[in-house]
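Note sheet for the following structure.
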Amino acid sequence: MRLSKKDEWHYKEKDIVCPDCGNDEFTMSKKEDVFKYGCGEDAVELTALVPVDKCVSCGFAFTGAHAEDLREEAIRRHRER
C-alpha cells in the first residue's frame with residue numbers, strides 16, 4: 001500500500017524521542033502489515049492496517065501498542081472463521 005504525503009501526519013512528542021538520534025518530531029502514516037500467524041504448514045499470512053511512526057530527522061520507523069492491538073484483532077477475526 002502506498003500513501004501520498006497527504007496521508008502522513010506530522011507531530012512533535014515531548015515524552016518520546018527517537019532511539020537512534022534523539023529527535024522528538026515524527027510523522028505517522030498507516031501501512032499494510034502482513035505477518036505470519038501459526039507454525040509450520042498451518043501458518044497463514046494475515047494483514048492489518050497499522051499506524052507507523054517515522055522520525056523526520058533520521059527515518060527510523062516503529063510501531064506501538066495500537067499497532068499490536070490491530071494485529072491481535074486480525075488474529076481474532078481469522079480464528080472466528
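At 7 Å along Cα-to-Cβ for each site, give me the label-to-label distance between Val56 and Asp7 in nm.
It works out to 2.1 nm between the two label points.
List the Cys residues of the chain that have no partner Cys with a C-beta closer than 4.7 Å.
Cys39
Test of understanding: in a Gaussian network model of the chain with alpha carbons linked when under 10 Å, which of Asp20, Asp42, Asp33 would top the mean-square fluctuation ranking?
Asp42
What does the charge add up to near Lys14, with Lys and Arg as +1, Asp and Glu as -1, over the other residues with Cβ less than 15 Å from its Cβ?
Value of the local net charge: -4.
From a point 7 Å beyond the Cα of Val44 in the direction of its Cβ, which residues of the range 53-81 have a backbone N at a distance under 18 Å?
Taking a point 7 Å out along Cα→Cβ of Val44, the residues of the range 53-81 whose backbone N falls under 18 Å are 70-81.
Provide the packing ranking of 10-16, 74-80, i.e. peptides ordered by the mean count of other C-beta atoms within 10 Å per residue, highest first.
Peptide ranking by packing, descending: 74-80, 10-16.
Under a Cβ-Cβ cut-off of 12 Å, what is the net charge of the residues other than Ala48 that fall near it, where Lys and Arg count +1 and Asp and Glu count -1?
-2
Which whole-Hz ³J(HN,Hα) couplings does the range 16-26 yield from phi under the Karplus relation 6.51 cos²θ - 1.76 cosθ + 1.60, θ = phi - 60°, glycine and proline marked x?
Each residue's phi maps through the Karplus curve to give 10, 10, 5, x, 8, 10, x, 5, 10, 10, 9 Hz.
Output the 0 to 90 degree angle, nearest 10, between the alpha-carbon long axis of helix 65-79 and the longest principal axis computed from the alpha carbons of the chain.
That helix lies at roughly 10 degrees to the long axis.
How high is the relative contact order of the range 1-75? Use alpha-carbon pairs under 8 Å, at least six apart in sequence, and give a whole percent.
25
Ignoring ligands, DNA and RNA, what percent of the 1.4 Å accessible area of the chain is carbon and sulfur?
47
Once amide H atoms are built 1.01 Å from N in the peptide plane, which residues 5 or more positions from Asp33, or in another chain, come under 5 Å H to H?
Ala48, Leu49, Val50
Using +1 at the C-beta of Lys and Arg and -1 at the C-beta of Asp and Glu, which of Pro19, Phe60, Thr47 has the Cα lying farthest in the positive direction of the dipole of the range 7-81?
It is Thr47, whose Cα lies furthest towards the positive end.
Could you provide, to the nearest whole Å², the per residue accessible area of the chain with probe 1.4 Å?
Heavy-atom accessible area per residue stands at 75 Å².
Dipole of the chain, Cα-centred, from +1 at each Lys and Arg C-beta and -1 at each Asp and Glu C-beta, to the nearest 20 debye?
Value, rounded to 20: 300 debye.
Identify which of Glu45, Glu32, Glu68 has the largest mean-square fluctuation in a Gaussian network model of the chain, with springs joining Cα atoms closer than 10 Å.
Per the Cα network of the chain with a 10 Å cutoff, Glu45 tops the list.
The values are calculated or read from the model by the stated rules, or taken from the named source; none is laboratory data. The shown structure was predicted, so the numbers you read here are calculated from the model rather than taken from an experiment. Cβ coordinates were reconstructed from backbone atoms using ideal geometry, including for glycine residues, and neighbour counts include every protein chain displayed. In case anyone asks, the SASA skips ligands and DNA or RNA and just uses the protein heavy atoms, side chains included. Shrake-Rupley method; radii C 1.70, N 1.55, O 1.52, S 1.80 Å.
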